[in-house]
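What follows is a single structure, written as structure tokens, with notes after it.
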Amino acid sequence: TTTTTTTTTTTRAMTRKTVVVRASSIYEVTVSDTKAKFLEKYPYPIPSVWSTIVSELLVQAHFTKYNRKYEYNALSSLGFVSVFDQLFEGFPDEAQKAKIFEAFLSALGEDAAKTRADAEKLGAFAASTEGVDGLKANPLFATMATQAAADKLLYTKYIAIGMFRMLELAKATDPKALESLAGAGGVDLKKVNSDLAMYKGLLSKLAAAKELQAEFLEREKRKTAERLAKKAEKAASE
């Protein structure tokens with residue numbers, strides 16, 4: 001009896017220890033770790049218009065990735081790729097933009113090629129579908145609804161943006177289309193609308209920042225040209 005009691009106690013202690021380890025494991029990767037991984041993959045300066053946004057999105061993505069409910073979702077991939085491509089529109093170097101995309105997802109332990117491919121596949125499906133009913137037929141939404149009902153779906157703004165992008169591609173312009181698609185995926189429409197409004201605001205701010213940067217660069221270009229002209233004029237008169 002003593003031996004059995006001791007064994008049971010030891011087993012329980014080991015079980016408790018295992019549970020603690022599993023519960024704390026998601027916190028073993030810190031925000032600093034994720035940022036360091038990004039910088040390891042892309043150790044180059046990023047123009048200020050984009051660098052702040054990249055840093056903010058990386059921090060947000062870190063907390064999503066290491067949330068207990070996190071599970072890879074193709075709809076989120078479409079949302080993320082849409083956000084990235086729109087935010088980096090006008091970036092001066094396409095090759096570097098691709099490297100930033102790769103470094104961002106690699107820092108989170110995600111496959112950049114798979115993310116891009118899944119986004120394109122889902123986008124192609126949406127473009128080939130007529131109306132919201134065709135979109136709702138995608139098994140992805142039934143899976144999401146099941147997860148949501150079991151409180152296992154981790155909702156993020158990328159889900160909202162992914163749905164919006166699918167509706168755009170399907171040319172589903174009915175005002176009720178978003179509500180219908182959100183309902184099919186078990187997602188709260190208020191959250192979706194709120195995240196879409198914030199996203200549109202972010203795009204507006206970025207556009208304004210890009211315009212200011214362009215004006216600044218143009219002024220600097222003129223100043224440099226004026227300095228060089230004066231220098232040449234002075235040299236010619238000597």
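Please verify whether region 172-193 includes one or more residues that are farther than 24 Å from Phe125 by Cα and modelled with pLDDT of 75 or more.
Yes, region 172-193 contains at least one residue that is farther than 24 Å from Phe125 by Cα and modelled with pLDDT of 75 or more.
(1) surrounded by fewer than 20 Cβ atoms within 10 Å (Cβ to Cβ); (2) more than 18 Å from Val192 (Cβ to Cβ): which one isn't true of Ala119, the others all being true?
(1)
Residues that are among the β-branched types (Val, Ile, Thr), at least 1 per element: which helices (runs of 4 or more DSSP H) completely within region 152-238 meet that?
157-169, 189-237
Restricting attention to region 97-116, which residues are open to solvent by 30 Å² or more (accessible area, probe 1.4 Å), in contact (Cβ under 8 Å) with a residue 40 or more places away in the chain and either in a helix (DSSP H, G or I) or over 30 Å from Ala172 (Cβ atoms) (or both)?
Lys99, Glu102, Ser106, Gly109
Within region 35-58, work out how many residues are open to solvent by less than 40 Å² (accessible area, probe 1.4 Å), in contact with a Lys or Arg (Cβ under 8 Å, 6 or more places away or on another chain) and not in a loop (DSSP other than H, G, I, E, B).
Of the residues in that region, 2 qualify.
Would you be able to say whether some residue in region 84-96 is touching a Pro at 6+ places or on another chain (Cβ under 9 Å), open to solvent by 30 Å² or more (accessible area, probe 1.4 Å) and not in a helix (DSSP H, G or I)?
yes
Within region 199-211, restricting attention to residues that are among the aliphatic types (A, V, I, L, M) and touching a helix residue (DSSP H, G or I) at 6+ places or on another chain (Cβ under 7 Å), which residue is modelled with the lowest pLDDT?
Top of the filtered list is Ala209.
Considering only region 126-163, state which residues are touching a Gly at 6+ places or on another chain (Cβ under 8 Å), open to solvent by 40 Å² or more (accessible area, probe 1.4 Å) and under 15 Å from Leu75 (Cβ atoms).
Thr146, Lys157, listed by residue number.
From the list Ala184, Ala150, Ala137, which residue is within 25 Å of Thr64 (Cα to Cα), of a type in the set (A, V, I, L, M, F, W, C) and free of Cβ contacts under 8 Å to residues at least 24 places away in the same chain?
Ala150
The values are calculated or read from the model by the stated rules, or taken from the named source; none is laboratory data. On a predicted model such as this, the values are computed, not experimentally measured, just so you know. We place every Cβ from the backbone using ideal geometry, glycine too, and count neighbours over all the protein chains shown. To get the accessible areas, we keep the full protein, side chains included, count just its heavy atoms, and leave off ligands, DNA and RNA. Shrake-Rupley method; radii C 1.70, N 1.55, O 1.52, S 1.80 Å.
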